[in-house]
Amino acid sequence: MILFFGTKPGKQIKKPLNHIACNHCKQTGTLSVTLQSNYLHLFWVPLFKIGTSRFVKCSHCKKVYYKDEFTIEMEKIVNSL
Ligand SMILES: [Zn+2]
């Protein structure tokens, strides 16, 4: 028997970070945070959530910030979601 087992991205939540400046290009209001949940699936049926990836992206310079690069302000908003 072949099992189709793996992970699958769930729904994406995107929120603008209006009052935070991008560390890279110094623009304000260009950052947005994306929360992406990942599910473990068996035969493409999601079984349970295995984690959420969070990242912040700047629409101006296209810089992507991952968790270890978040500033205190970013962290505060991301954790409040
Ligand atoms: Zn930027």
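The values are calculated or read from the model by the stated rules, or taken from the named source; none is laboratory data. This is a predicted model, so every value here is computed, not measured. Quick reminder, even Gly has a Cβ in these numbers, built from the backbone with ideal geometry, and neighbours come from all protein chains shown. When the accessible area is computed, the model is the full protein with side chains, heavy atoms only, and any ligands, DNA or RNA have been set aside. Shrake-Rupley method; radii C 1.70, N 1.55, O 1.52, S 1.80 Å.
Can you give me the % of accessible surface on region 5-73 that is carbon or sulfur? Probe 1.4 Å, all protein chains present, nothing else counted. Numbers along the way, then the final one.
Values: 2580 of 4670 Å².
Carbon and sulfur: 55 percent of the exposed surface of region 5-73.
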3J(HN,Hα) from dihedral phi, region 10-22, Karplus parametrisation 6.51/-1.76/1.60, rounded to Hz, x for glycine, proline
x, 6, 9, 10, 10, 9, x, 9, 5, 10, 10, 8, 6
Zone residues, region 1-40, relative to THR71, backbone N less than 13 Å from point 7 Å out along Cα-to-Cβ
17-32
If the cut-off is a Cα-Cα distance under 15 Å, which aspartates and glutamates reach LYS15, setting aside same-chain residues fewer than 8 apart in sequence?
GLU73, GLU75
Tally Lys and Arg at +1 and Asp and Glu at -1 over the other residues with C-beta under 13 Å from the C-beta of TYR65: what net charge comes out?
+1
Amide H to amide H under 5 Å from GLN27: which residues, 5+ apart in sequence or cross-chain, H placed 1.01 Å off N in plane?
CYS22
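Kindly provide the helix-only [θ] at 222 nm of the chain, computed as the sum of -39,500 (n - 2.57) over DSSP H runs of four or more divided by all residues, to the nearest 500 deg cm²/dmol? Walk me through the numbers before you get to the answer.
Details: 1 runs with 9 residues, N = 81.
Helix-only estimate at 222 nm: -3000 deg cm²/dmol.
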Under the definition of Cα pairs under 8 Å and six or more residues apart, what whole-number percent is the relative contact order of the chain?
26
Would you mind checking which residues have amide H under 5 Å from ILE50's amide H? H placed 1.01 Å from N; only 5 or more apart, or other chain.
ASN38, TYR39, LEU40
I'd like to check one number: the per residue accessible area of the chain, probe 1.4 Å, reported in Å² as a whole number.
71
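Check each of the chymotrypsin sites (Phe, Trp or Tyr not before Pro) in region 1-59 and keep only those in coil by DSSP with at most 13 other C-beta atoms within 10 angstrom; list them in order.
Numbers: sites: PHE4, PHE5, TYR39, PHE43, TRP44, PHE48, PHE55; in loops: PHE4, PHE43, TRP44.
Counting only loop positions with at most 13 other Cβ atoms within 10 Å, the chymotrypsin sites (Phe, Trp or Tyr not before Pro) in region 1-59 are PHE4, PHE43, TRP44.
Across all directions of projection, what mean area in square nanometres is found for the Cα convex hull of the chain? Could the numbers behind the result be given before it?
Numbers: hull surface 24.5 nm².
Here the figure is 6.1 nm², rounded to one decimal.
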